[in-house]
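Mind having a look at this structure? Questions to follow.
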Amino acid sequence: MDNAERSRVLVVEDEEAYVDALTVGLTREGFDVSVARTGAEALAVFDECAPDIVLLDLMLPNVSGLDVCRELRSRSSVPIIMVTAKSAEVDTVVGLEVGADDYVTKPYRIRELIARIRALLRRDELIRAETGRTASAPEDVAEEAIVVGDISLDTAKHEVVIRGEEVSLPLKEFELLHYLMANAGRVLTRDALIERIWGYDYVGDTKTLDVHIKRLRAKVEEEPSRPASIVTIRGLGYKFDRQR
Ligand code: CA
């Protein structure tokens, strides 16, 4: 890693073969690794080790990965990669909108997984640097609020207010909304959005973008089924409409 400070990955996984392979592979690539084997353990270890990213298996004994994801999301914007056993499960999981940032299907290649971890961490770091969320950042960071229609987004405070109500958004949704609003009135292609939000080396499928757009619409739009703010530009991408 190009950073002297090592990133910590919390691996939530009950299959020993994966635990072993991940611990070896991630450690070799310069990550610190914490392991939890049940959902309940995951929440306890999360509080204890304050990881930079969470790799979360869907099928866990007792508390399911979905519930763990929801619970983590309610207390943190930490990047979460959800791991499913079948690719068909990805559709189910994304449909439930639990707030994961990315998805991988078993069996996966450790190298691909590490590429995704790095991409998410890089984006997270960028956002932190931009918004001054780091502990050492000055308190008086200039406010960078964007207001379009009845939605305002403040990168300095990592805060979104929609029609007078503060809404908490996971990291990727926040970034996506920020990028859309900063370019209000302009058409953004799918490729541009994916590259900007997930990184140029993103290896996942493009469904991830649609899922995040859907989640954002559920929060941003007055009528999510008839979006007026985040408009689909057929065959191209999306646009944040400033005429709303
Ligand atoms: Ca499992």
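The values are calculated or read from the model by the stated rules, or taken from the named source; none is laboratory data. Bear in mind that the values here come from a model prediction, so they are computed numbers and not experimental data. FYI the Cβ positions are ideal-geometry reconstructions off the backbone, even for glycines, and counts take in every protein chain you see.
Please find, among Glu139, Glu165, the residue that is of a type in the set (Asp, Glu), at pLDDT 90 or above and more than 21 Å from the chain's Cα centre (by Cα).
It is Glu165.
If we keep just the residues of the stretch 1-37 that are surrounded by fewer than 16 Cβ atoms within 10 Å (Cβ to Cβ) and of a type in the set (Val, Ile, Thr), which is nearest to the ligand (Cβ to nearest atom)?
Val24
While we're looking at this one, here's another question. Please go through (1) crowded, with 20+ Cβ neighbours inside 10 Å; (2) within 16 Å of the ligand (Cβ to nearest atom); (3) at pLDDT 85 or above for Val90 and return the number of the only condition it doesn't satisfy.
The failed condition is (3).
Here is a follow-up. For the condition at pLDDT below 95 and crowded, with 21+ Cβ neighbours inside 10 Å, what is the one hit in Pro61, Pro107, Pro79?
Pro79
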